[in-house]
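Note sheet for the following structure.
The values are calculated or read from the model by the stated rules, or taken from the named source; none is laboratory data. Just so we're clear, the structure is a prediction, and the values are computed from it rather than from any experiment. Positions of Cβ are generated from backbone atoms using ideal geometry, with glycine treated the same way; all protein chains shown enter the neighbour counts.
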Amino acid sequence: MALRRAVADGIATITIDRPGKRNAMTADMWRALPGHLDALAADPAVRVVVLTGAGGDFCAGADIGELGVIDRPGEPHLSTAAEQALAAFPKPTIAAIEGFCVGGGCQLAAACDLRFAAAGARFGITPARLGIVYPAVATARIVRLVGPAAAKYLLFSAELVDAGHALRIGLVDEVVPDVHARVAAFAATLTTRSLLTQQATKQIVDAIAAGGPVEDTVAGWLAEVAAGGDAAEGVAAFLERRTPAFTWTGRS
């Protein structure tokens, strides 16, 4: 009944492991996620993080029995803190989704950079069934991801939608027969690409999506490119028809 993490070949996997409750997140699990992410961000061997669930489900959301602790009036919302830590993770993140991805599960999936779903996955944002309000940060993220009308559809109805519907509205990026094999292959591809490019792209795209200015951000990354060797290595590898050996591991 916890979060598990493992690292192999540059890919870190965080598994939500509470299958008896369809991986519903307790208060302690919400609290633990930022610590796992901090450890992985500091590990130069980690190039990509995959978030998934045990036992055939991604995450059924917050444990309803602990809502009074997870969302305590006057205190930071535990799920929002975990979501923001995931969204701010500096390296690429992928949600590998099968089974139920509901409520706080959608909150976590939306905070990842990319979402790959099994054909049988089911999605829903269900506060209207409980008479509560979805966190502001999570609502804003869903609106940016799927647009206002699709966000209202999900939040008004609290209905579960299938993977095809999720794909049509942009809630997921791919629907595949074997989500774990597809994510493993895609994550392995990402480990061969320039981490500098990936981190710069993530920061710039997220700033654009949030409606903020990006000129200074882009200028900072161009300076990083000029100071490092990844660009020269990438060009050389292209001309020599070989796989590049990028060495940039993060900003000092």
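What the table below lists for this structure:
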{"read-out": "Any chance GLY105 is touching a residue at least 40 places away in the same chain (Cβ under 8 Å), under 19 Å from LYS21 (Cβ atoms) and surrounded by 24 or more Cβ atoms within 10 Å (Cβ to Cβ)", "value": "yes"}
{"read-out": "For ALA166: the one exception among (1) under 22 Å from ASP9 (Cα atoms); (2) within 24 Å of the chain's Cα centre (by Cα)", "value": "(1)"}
{"read-out": "Checking GLY131 against (1) in a loop (DSSP other than H, G, I, E, B); (2) surrounded by 21 or more Cβ atoms within 10 Å (Cβ to Cβ), the condition it does not meet", "value": "(2)"}
{"read-out": "Selection from segment 57-79 of residues that are under 29 Å from ALA118 (Cα atoms), of a type outside the set (Val, Ile, Thr) and under 23 Å from the mean Cα position of the chain (by Cα)", "value": "ASP57, PHE58, CYS59, ALA60, GLY61, ALA62, ASP63, LEU67, LEU78, SER79"}
{"read-out": "Number of the condition not met by ALA209 [criteria: (1) surrounded by 12 or more Cβ atoms within 10 Å (Cβ to Cβ); (2) within 30 Å of VAL137 (Cβ to Cβ)]", "value": "(1)"}
{"read-out": "Of residues in segment 1-54 being part of a helix (DSSP H, G or I) and either touching a Gly at 6+ places or on another chain (Cβ under 6 Å) or basic (Lys, Arg) (or both), the one farthest from THR191 (Cα to Cα)", "value": "LYS21"}
{"read-out": "Which numbered condition ASP230 fails, given (1) of a type in the set (D, E, K, R); (2) over 22 Å from ALA41 (Cβ atoms); (3) outside the structural domain of ASP57 (by TED's automatic domain parsing); (4) surrounded by 15 or more Cβ atoms within 10 Å (Cβ to Cβ)", "value": "(2)"}
{"read-out": "Residue within segment 108-118 that is surrounded by fewer than 24 Cβ atoms within 10 Å (Cβ to Cβ) and among the basic types (Lys, Arg) present", "value": "no"}
{"read-out": "Filter result for VAL50 (modelled with pLDDT of 95 or more, closer than 30 Å to LEU196 by Cα and surrounded by fewer than 21 Cβ atoms within 10 Å (Cβ to Cβ))", "value": "no"}
{"read-out": "Hits in segment 55-80 (condition: crowded, with 17+ Cβ neighbours inside 10 Å and not in a loop (DSSP other than H, G, I, E, B))", "value": "CYS59, ALA62, GLU66, ILE70, LEU78, SER79, THR80"}
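Conditions tested, residue by residue: (1) in contact with a strand residue (DSSP E or B) (Cβ under 6 Å, 6 or more places away or on another chain); (2) farther than 22 Å from THR93 by Cα; (3) not aromatic (Phe, Trp, Tyr).
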| site | (1), (2), (3) |
| --- | --- |
| THR15 | yes, no, yes |
| ASN23 | yes, no, yes |
| PRO34 | no, no, yes |
| LEU37 | no, no, yes |
| VAL46 | yes, no, yes |
| GLY53 | yes, no, yes |
| ARG72 | no, yes, yes |
